[in-house]
Amino acid sequence: MPLPYDLCARVQNAFRARHHRIAVDHTIQNLGILSILLRTGFISNVTRGTIQSPSPADFLHVGEAQRRIWAELKYRDDRPVLTDMELISRPSRRIFMDIGELRRICSGRRAQTIKPLGMGEIAVVRTKSKEHEWLEAREALQLNLEGEVICRAR
């Protein structure tokens, strides 16, 4: 399973290089994180496709190694909407937060070693719930779900 730092680096580098769309491996993790970025307005579209193009029809007819998730990046006044995406929970140091700690970082206070979320900033949380596995920190707080804080984007 690819690690989340790969997706964070690809998205951030694509924004810095002014690409209009990127293709990442088709995994549940990448789909979950990209759908959060889509819901919060950092990217404009997510489509399944192949290595060559974002084509949902071709997606069904190729093997697993050829499947990709295509994300269209969003710019405002020729500046990237997403300026920074950094990993919080690393393979060597996982960061798990309960409801109280999630409430603290969402309300502007530090929890553990994590700085609070600023205006327009999100944190991606992976919960143990199968129905809501990938959530933004404020969504996890509303649903009273604790979990591992994977990354943050601003």
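Read-outs throughout are calculated quantities, based only on the coordinates presented, and are distinct from any laboratory measurement. Please read all numbers here as calculations on a predicted model, not as lab measurements. Cβ placement follows ideal geometry from the backbone for every residue including glycine, while neighbour counts extend to all protein chains displayed.
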Return the single residue from Leu34, Leu141, Leu60 with maximal mean-square fluctuation; model: Gaussian network over the chain, springs between Cα atoms under 10 Å. Leu60
At a Cα cut-off below 19 Å, give the aspartates and glutamates reachable from Lys115, other chains included and same-chain residues fewer than 8 away excluded. Asp84, Glu86, Asp98, Glu101, Glu136, Glu139, Glu146, Glu148
Pick from Glu86, Glu131, Glu101: which is most flexible by mean-square fluctuation in a GNM of the chain where alpha carbon atoms under 10 Å apart are linked? Glu131
What are the ³J(HN,Hα) values, in whole Hz, obtained from phi via the Karplus relation 6.51 cos²θ - 1.76 cosθ + 1.60 with θ = phi - 60°, for each residue of the stretch 40-47 in sequence order, with x given for Gly and Pro? 8, x, 7, 10, 9, 7, 10, 9
For the modelled label position 7 Å from the Cα of Ile51 along Cα-to-Cβ, which residues of the stretch 21-40 have backbone nitrogen atoms closer than 15 Å? 23-26
Got a sec to turn the phi values of the stretch 141-154 into Karplus ³J(HN,Hα) couplings, 6.51 cos²θ - 1.76 cosθ + 1.60 with θ = phi - 60°, whole Hz, x for Gly and Pro? 5, 5, 8, 6, 10, 9, x, 8, 8, 7, 8, 10, 9, 9
With the cut-off at 1.5 for a/c, could you classify the stretch 1-94 from its C-alpha gyration tensor as rounded, prolate or oblate? oblate
Across the stretch 69-82, in residue order, what do the Karplus-derived ³J(HN,Hα) couplings come to in whole Hz, using 6.51 cos²θ - 1.76 cosθ + 1.60 with θ = phi - 60° and x for Gly and Pro? 10, 9, 10, 8, 7, 10, 10, 10, 6, 6, 10, x, 6, 9
Most positive-pole-ward Cα, Met97, Ala153, Gln112, against dipole of the chain from beta carbon charges: Gln112
Give the long-range amide H neighbours of Ile43: residues separated by 5 or more places, or on another chain, with amide H under 5 Å away, using H modelled in the peptide plane at 1.01 Å from N. Leu38
